[in-house]
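Shown next, in structure tokens, is the structure this report addresses.
Values in this text are rule-based calculations from the coordinates and carry no lab data. As the structure is a computational prediction, the values presented were derived from the model and not from experiment. All Cβ positions, glycine included, derive from the backbone under ideal geometry; neighbour counts span all protein chains shown.
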Amino acid sequence: MHISTIAAITVTLLDVYVGGRYCARIIRKEIAPRLATWLMFEIGVVMSLAAYFASGDHTLFKAALNAADAVMVTAILVLLLFGRAEQRVRFTRNEQVCLLSACMVTAAWSFTRTGWIGLIGFQIVLSIAYLPMIESVWRWRPGRPPEPMDKWAVNILIALIGVLLDITGRRDYLALVYPLRGLVLCVVVVGPDCAMGEEEQR
């Protein structure tokens, strides 16, 4: 079996495993994710995949991480919305600005239908989507954590494998943008937790 095939299968299985555990933690109310973050993830991930395939001769194989993310993000968002069915959804001003930015990028790509513009634009949307979550992680105090750090640590590994997948064989630099962006932002999310761990050891 070719190494690229193994990498694609590994990425998909790891993503489903991590996403499944994340969903279980939401159901058990062990974490308190930001709804705005996952709404923007949904826009960014699904539209990023659409922009990738609209850009020309590309394959689902090379976009394995993006495709797996699209399934898992949708499942997580549905769970979050279901859990708030009887509550009024409110967004902070920062979240409203982030959501507006995501909608503007989506509208811009809908008019241009240009692969690179769409893909880069939606990576910006996904980067913005991390801001409310990073804010929650940085401001978190003892109690129910906003995010499980073990999930994001595994996501670093997933993103690394995704990068390797896209640079092996026929290089697909358009597909490479997705896991590379994910790698950087997952490191940013996990960073504060690692820093706190080092301080506790001292």
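Descriptive notes on the structure:
- Rough spin-label spacing in nm, given labels placed 7 Å along Cα→Cβ, for residue 93 and residue 75: 3.8 nm
- Burial ranking of peptide ranges 8-20, 154-166, 40-52 (average Cβ count within 10 Å, highest at the top): 40-52, 154-166, 8-20
- Förster-model FRET efficiency, 25 Å R0, residue 112 and residue 84, C-beta, rounded to 0.05: 0.15
- Two-site label geometry, residue 60 and residue 157: point separation in nm, points 7 Å out along Cα→Cβ: 2.6 nm
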